[in-house]
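Comments concern the structure below.
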Amino acid sequence: MRTASYFHRLTVLTAAIISLPVLAAAQEACTTYTVKDGDTLGSIAQAAYGTFDYQMIFNANRDALAANPNSLPAGLQLILPCEDGRLTPDSQLSSVIESETAKQEANKPKSNVYEPPLKFVTSNNWMPFTDESLTGGGIFVRMAATAMQRGGNDRGYEVSYVDDWMSHIDVLLPSGAFDVSIAWESPDCSKLDMLGEFSARMCTEFDFSLPIYETAYSFNTLADSKYANARSFSDYAGAKICRPEAWPTGDLEVQGLLPPVVEFVQPKNPLDCANMLLKGEVDVYSIEAETTTANFTELNAMDKIAVNPALTTFITYHFLTAKSNPRGRVYIAMLNRGITEMRESGEWYDIVATGLEEYNKLKQK
């Protein structure tokens with residue numbers, strides 16, 4: 001479930017998780033790094049950037065890491081981007097975007113057949129991903145707009161902002177008022193019998209595009225909690241797990257973490273989860289690592305928190321259509337063609353990096 005409280009999901013290229021005792025050998029950003037035995041993404045990020053934030057490393061090495069980001073084989077070559085997101089010191093952000101846009105304009109297909117514009121709906125206050133104040137409406141909106149002009153597509157589109165996420169699911173997509181919502185997390189629909197009611201509904205009533213972004217979910221406890229030593233998901237049995245109602249629980253459900261094995265506490269505001277953990281009212285706070293980092297930094301409580309070094313889950317974000325939309329799968333196919341081309345050309349990374357650079361500059365003002 002989602003609400004407009006998504007403005008608390010502040011993403012700043014931080015995924016502060018997985019810090020094991022062995023640290024990567026000294027290295028610098030704007031270089032490549034060869035993985036050694038005992039390295040983790042968190043330890044490599046700590047050595048290169050002075051933080052356990054590894055989302056930027058994951059973004060730059062997605063193809064190599066997507067299969068199993070928690071197990072790095074020795075000898076794997078990783079790109080360590082510059083701190084501003086550039087892949088190398090002499091590269092320029094936006095260069096791929098400019099090149100691909102020029103190529104598209106030069107080879108733009110021409111058609112005399114009128115097709116109505118595809119209607120996208122999203123919400124404000126989910127920076128840096130969706131917000132009208134950001135360039136192009138944010139990273140995910142830019143991806144949608146770009147996908148509509150890539151992969152052989154040349155379709156008009158409109159983007160509207162309706163700041164009530166559940167209305168997208170309950171009314172706007174099923175009624176046909178809008179065609180595609182930007183953007184939603186996908187549960188593991190291959191494990192439908194293990195999912196809760198809302199996650200199962202997402203699988204049975206909606207179609208998802210290819211992934212447009214992946215992010216890490218961390219598990220946070222008080223430093224002296226018995227759950228701080230969890231090394232398997234079953235070790236959380238009996239815990240009160242806080243995850244706001246606007247965030248999915250499918251990743252927990254497929255690990256067997258659903259009532260009555262655990263108790264979910266789901267306030268509207270992520271910061272409420274952070275406060276409840278500090279007060280001992282819940283045992284575990286699980287959400288995107290970037291959100292917990294922002295929350296506990298705001299509360300000046302990072303030193304009171306233990307981030308589980310062994311357990312994490314990855315969530316993928318997608319464009320979403322209703323199965324009841326007779327053209328929904330056509331729209332998904334169009335978007336998938338665009339997404340694939342953006343991934344292959346490097347334009348996807350350029351959109352992510354430039355969007356995050358803009359957001360980080362806004363935070364510094």
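Things worth noting here:
- Check on P260, touching a residue at least 40 places away in the same chain (Cβ under 8 Å) and farther than 23 Å from W184 by Cβ: no
- Residues in segment 294-318 that are buried (at least 21 other Cβ atoms within 10 Å of the Cβ), in contact with a Pro (Cβ under 9 Å, 6 or more places away or on another chain) and within 18 Å of A230 (Cβ to Cβ): T312 alone.
- You will find that of E197, E253, E205, the residue that is closer than 30 Å to P117 by Cβ and among the charged types (D, E, K, R) is E205 and no other.
- Of all residues in segment 232-248, those satisfying the criterion of being within 12 Å of M276 (Cα to Cα) and of a type outside the set (A, V, I, L, M) are K240, C242, R243, P244.
- Looking across segment 312-331, the residues that are under 19 Å from the mean Cα position of the chain (by Cα) and at pLDDT 85 or above come down to I315, T316, Y317, H318, F319, L320, T321.
- Residue among A15, A47 that alone is among the small types (G, A, S), touching a Phe, Trp or Tyr at 6+ places or on another chain (Cβ under 9 Å), more than 22 Å from S91 (Cα to Cα) and modelled with pLDDT of 85 or more: A47
- Residue selected from segment 244-293 under the condition among the small types (G, A, S) and buried (at least 18 other Cβ atoms within 10 Å of the Cβ), by the criterion nearest to the chain's Cα centre (by Cα): A289
- Of everything in segment 145-156 that is more than 21 Å from V352 (Cα to Cα) and touching a strand residue (DSSP E or B) at 6+ places or on another chain (Cβ under 8 Å), the residue that is modelled with the highest pLDDT is G156.
- Residue that is surrounded by the fewest Cβ atoms within 10 Å (Cβ to Cβ), among those in segment 66-91 that are of a type in the set (A, V, I, L, M) and at pLDDT 85 or above: A74
- Taking segment 111-134 as the range and being more than 16 Å from W165 (Cα to Cα) and modelled with pLDDT under 95 as the test, the residues that pass are S111, N112, V113, Y114, E115, P116, P117, P128, S133, L134.
- Taking the criterion of being within 15 Å of P116 (Cα to Cα) and among the small types (G, A, S), the only residue of segment 146-160 that qualifies is G156.
- Restricting S225, S199, S232 to residues that are touching a residue at least 12 places away in the same chain (Cβ under 8 Å), crowded, with 22+ Cβ neighbours inside 10 Å and small (G, A, S) narrows the list to S199.
- E205 modelled with pLDDT of 95 or more, surrounded by fewer than 20 Cβ atoms within 10 Å (Cβ to Cβ) and in the same structural domain as S160 (by TED's automatic domain parsing): yes
The values are calculated or read from the model by the stated rules, or taken from the named source; none is laboratory data. Keep in mind that what you see is a predicted model, and the values were worked out from it rather than measured. Cβ atoms come from the backbone with ideal geometry, glycine included; neighbour counts cover every protein chain shown.
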